[in-house]
């Protein structure tokens, strides 16, 4: 499948968000834990997970062509992230209002990226 310019841009935006959030969580986990009401280990773990994911998405976003299955992996990964985020926002003991807002807002942004990636994938199929 040909990776369109718009899909490349969305994937690179996804890359930037993964790498930026990953680095921010790793650097600031201890400082963020108390105000968000989230364990520093959870924030560290999320940061560690985001870095290789961001690199993979960035690699995909620089390809001229790729298997549609690779884009599906990104979409499904984003949807999974949103689901896990909602579980944290609704079920994490001790989460603060700020923490809930933080988790919900980032989940909404990730869902937006997943929807854009899905729309791009559908568009690429329609033109193929």
Selection from region 57-99 of residues touching a helix residue (DSSP H, G or I) at 6+ places or on another chain (Cβ under 9 Å) and without any contact (Cβ under 8 Å) to a residue 12 or more places away in the chain yields 59, 70, 73, 76, 83, 84, 90
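Pick from 58, 123: which is closer than 16 Å to residue 8 by Cβ, surrounded by 13 or more Cβ atoms within 10 Å (Cβ to Cβ) and over 19 Å from the mean Cα position of the chain (by Cα)?
Answer to the check: 123.
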Taking the options 24, 20, name whichever one is within 18 Å of the chain's Cα centre (by Cα), part of a helix (DSSP H, G or I), farther than 21 Å from residue 115 by Cβ and at pLDDT 95 or above.
24
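Being within 16 Å of residue 99 (Cα to Cα) and at pLDDT 95 or above, is that true of even one residue in region 46-58?
The first filter runs over region 46-58 and keeps only residues within 16 Å of residue 99 (Cα to Cα), leaving 46-47.
Subsequent filtering for residues that are at pLDDT 95 or above retains 46-47.
Within region 46-58, one or more residues are within 16 Å of residue 99 (Cα to Cα) and at pLDDT 95 or above.
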Scan region 1-12 residue by residue and report those that are crowded, with 17+ Cβ neighbours inside 10 Å and in a helix (DSSP H, G or I).
7, 10, 11
Out of curiosity, is residue 124 in contact with a strand residue (DSSP E or B) (Cβ under 7 Å, 6 or more places away or on another chain), over 15 Å from residue 16 (Cα atoms) and in contact (Cβ under 8 Å) with a residue 12 or more places away in the chain?
yes
Conditions (1) without any contact (Cβ under 8 Å) to a residue 60 or more places away in the chain; (2) in a helix (DSSP H, G or I); (3) surrounded by fewer than 18 Cβ atoms within 10 Å (Cβ to Cβ): number failed by residue 35
(1)
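The values are calculated or read from the model by the stated rules, or taken from the named source; none is laboratory data. Here the structure is a predicted model, which is why all the values come from computation and not from measurement. Cβ coordinates were reconstructed from backbone atoms using ideal geometry, including for glycine residues, and neighbour counts include every protein chain displayed.
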